[in-house]
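Below: one structure, written as structure tokens.
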Amino acid sequence: MYILVLLLGLPFIHGIALPGPPTNVKVSEITATSVRLTWSYNGPDGLQYYVIQFKPKYANQAYSEISGIITMFYSVRNLSPYTEYEMYVIAVNNIGRGPPSAPVFVTTGETADSTNEGAKPGTAPRNVQVRPLSSSTMVIQWDEPETPNGQVTGYKVYYTTNALQPQSQWESQVVDNNLLTTISELTPHTIYTIRVQAHTSVGPGPLSAPVHVKTQQGVPSQRAT
């Protein structure tokens with residue numbers, strides 16, 4: 001027993017080894033907010049349960065953890081749509097936790113809106129800024145959504161002089177996958193309300209908070225003398 005443990009390179013206490021890492025971890029049944037993990041285990045006996053650790057791959061945050069799993073499969077839920085996660089499975093016995101499995105990476109699915117069960121609609125474009133260039137032209141720029149509901153394919157900029165109108169009646173301008181656009185032929189010395197919306201392969205995301213801007217005073221035309 002001692003020789004076997006040493007050959008395997010596993011820590012041991014009183015001749016009982018910590019469990020080895022689960023193997024053959026696979027991902028299936030991927031949705032916008034959940035994935036199913038399955039794995040195998042061929043380590044020492046006396047296993048008590050498994051632990052799953054996961055977090056968004058590029059997020060600077062601690063791992064979330066699900067403990068007490070007694071099957072070799074589990075569905076991880078309440079994930080964010082269109083996000084790449086890294087996940088590990090850890091075996092636990094009465095001595096403690098063994099080393100984690102090799103990581104698996106999975107990107108959750110896209111979701112169009114919050115009418116889907118458990119789905120999250122994503123967030124709106126951020127930091128919308130509007131600057132008048134002349135009495136009839138303004139430039140609008142923004143940052144991409146922090147959590148898009150899918151792969152962003154473009155944006156739609158809405159603008160109106162009457163913010164009480166339904167959104168469908170606002171004027172709009174479609175923008176390719178840029179973060180800046182210019183709107184012309186505006187009325188001088190008039191307050192406009194601006195909102196920006198990201199569009200993805202599965203539909204539009206939420207609208208940004210409204211931003212108000214006043215175009216500049218028109219310059220009177222000069223008469224010929």
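Which residue out of 186, 179, 207 is closer than 24 Å to residue 83 by Cα, without any contact (Cβ under 8 Å) to a residue 60 or more places away in the chain and surrounded by 14 or more Cβ atoms within 10 Å (Cβ to Cβ)?
Just a single option satisfies the conditions, and that option is 179.
Restricting to segment 14-36, give me the number of residues that are at pLDDT 90 or above and part of a strand (DSSP E or B).
Residues meeting the conditions: 8.
Could you go through segment 169-176 and let me know if any residue there is touching a Pro at 6+ places or on another chain (Cβ under 7 Å) and either at pLDDT 85 or above or under 14 Å from residue 193 (Cα atoms) (or both).
No, segment 169-176 has no match at all.
If residue 177 satisfies all but one of (1) part of a loop (DSSP other than H, G, I, E, B); (2) farther than 17 Å from residue 144 by Cβ, what's the number of the condition it fails?
Checking residue 177 against (1) part of a loop (DSSP other than H, G, I, E, B); (2) farther than 17 Å from residue 144 by Cβ, the one that fails is (2).
From the residues in segment 37-63 that are over 21 Å from residue 92 (Cβ atoms) and surrounded by 12 or more Cβ atoms within 10 Å (Cβ to Cβ), which one is modelled with the lowest pLDDT?
Top of the filtered list is 59.
Just one of 75, 135, 80 is in the same structural domain as residue 200 (by TED's automatic domain parsing) and either small (Gly, Ala, Ser) or within 30 Å of residue 42 (Cα to Cα) (or both); which is it? Break it down stepwise before answering.
Values: 75 fails: in the same structural domain as residue 200 (by TED's automatic domain parsing); 80 fails: in the same structural domain as residue 200 (by TED's automatic domain parsing).
So the residue among 75, 135, 80 that is in the same structural domain as residue 200 (by TED's automatic domain parsing) and either small (Gly, Ala, Ser) or within 30 Å of residue 42 (Cα to Cα) (or both) is 135.
Can you tell me which condition residue 90 does not meet? The list is (1) among the aliphatic types (A, V, I, L, M); (2) outside the structural domain of residue 30 (by TED's automatic domain parsing); (3) within 17 Å of residue 26 (Cα to Cα), and all the others hold.
Evaluating residue 90 over (1) among the aliphatic types (A, V, I, L, M); (2) outside the structural domain of residue 30 (by TED's automatic domain parsing); (3) within 17 Å of residue 26 (Cα to Cα) leaves (2) as the failure.
Check off (1) modelled with pLDDT of 95 or more; (2) out of contact with any Gly (no Cβ under 9 Å at 6 or more places or on another chain); (3) surrounded by 17 or more Cβ atoms within 10 Å (Cβ to Cβ) for residue 106 and give me the number that stays unchecked.
The one condition residue 106 does not meet is (1).
Exactly one of (1) within 30 Å of residue 184 (Cβ to Cβ); (2) crowded, with 18+ Cβ neighbours inside 10 Å; (3) of a type in the set (A, V, I, L, M) is unmet by residue 92. Its number?
(1)
Identify all residues within segment 19-53 that are hydrophobic (A, V, I, L, M, F, W, C) and either without any contact (Cβ under 8 Å) to a residue 60 or more places away in the chain or over 20 Å from residue 107 (Cα atoms) (or both); write none if there are none.
Passing the criteria: 47, 51, 52.
Does residue 185 qualify as being of a type in the set (D, E, K, R) and under 25 Å from the mean Cα position of the chain (by Cα)?
When the stated conditions are applied, residue 185 does not pass them.
Please determine, by comparing only the residues of segment 132-162 that are surrounded by 15 or more Cβ atoms within 10 Å (Cβ to Cβ) and either small (Gly, Ala, Ser) or touching a helix residue (DSSP H, G or I) at 6+ places or on another chain (Cβ under 6 Å) (or both), which one is modelled with the highest pLDDT.
136
The values are calculated or read from the model by the stated rules, or taken from the named source; none is laboratory data. Note that the structure is predicted; figures quoted are calculated from it, not measured. All Cβ positions, glycine included, derive from the backbone under ideal geometry; neighbour counts span all protein chains shown.
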